[in-house]
Amino acid sequence: MFRGSVLQILDNSGGLTASIIRVLNSKYEHPRVGSTVVTAVKTALIDKKVKKHDVRKGVIIQTKQKIFRKEHGITLAFNTNGLIIFGRGNNPLASRIKGVVVQELRYQKMVKLLMMAPSVI
């Protein structure tokens, strides 16, 4: 993933796809799972919290790039790149998450996302 990559929005805020504008708090421009990014919403549903062309912060929760866990020797990869949109502060804008969330978000201190998720891998 690079700047300009299109991601799926995996929550019920109303957005469907978004593109990356900038990666925050990183010396690399390659976002990973748990990276905070500034995104522009490309497509959205009508009469929801997020509108088309909104600029919002978000956290990446799924990537096509492999995630390697050293403790167990397991690699994880998803079919899509996905993110969750944030409101004010570090609180998610939506109330539900579609799809699974990886356990590496716990190290980023995003326990609220883990509690909202239907399953954690």
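The values are calculated or read from the model by the stated rules, or taken from the named source; none is laboratory data. Note that the structure is predicted; figures quoted are calculated from it, not measured. Using ideal geometry, Cβ is built from the backbone for each residue, glycine included, and neighbour counts are taken over all protein chains shown.
Exactly one residue out of Gly89, Gly34, Gly4, Gly58 is crowded, with 17+ Cβ neighbours inside 10 Å, in a loop (DSSP other than H, G, I, E, B) and among the small types (Gly, Ala, Ser), and it is Gly34.
Scanning the range 7-25 for residues that are touching a residue at least 40 places away in the same chain (Cβ under 8 Å), surrounded by fewer than 23 Cβ atoms within 10 Å (Cβ to Cβ) and not in a loop (DSSP other than H, G, I, E, B) yields a count of 1.
Give the residue that is nearest to Asp11 (Cα to Cα), with candidates limited to residues of the range 106-116 that are in contact (Cβ under 8 Å) with a residue 40 or more places away in the chain and either charged (D, E, K, R) or part of a loop (DSSP other than H, G, I, E, B) (or both). Among those residues, the one meeting the criterion is Met110. In the range 47-73, the residues that are farther than 10 Å from Leu83 by Cβ form Cβ pairs under 6 Å with partners that are among the small types (Gly, Ala, Ser) and part of a strand (DSSP E or B), at six or more places apart or across chains, as follows: Val50/Gly15; Val50/Ala44; Lys51/Ala44; Lys52/Ala44; Val55/Ala40. Checked against the criterion of being touching a strand residue (DSSP E or B) at 6+ places or on another chain (Cβ under 8 Å), under 15 Å from Ile9 (Cβ atoms) and of a type outside the set (Asp, Glu), the candidates Gln62, Gln103 yield just one match: Gln62.
The lone criterion from (1) modelled with pLDDT of 90 or more; (2) of a type in the set (Asp, Glu); (3) within 22 Å of Arg22 (Cα to Cα) left unmet by Glu104 is number (1).
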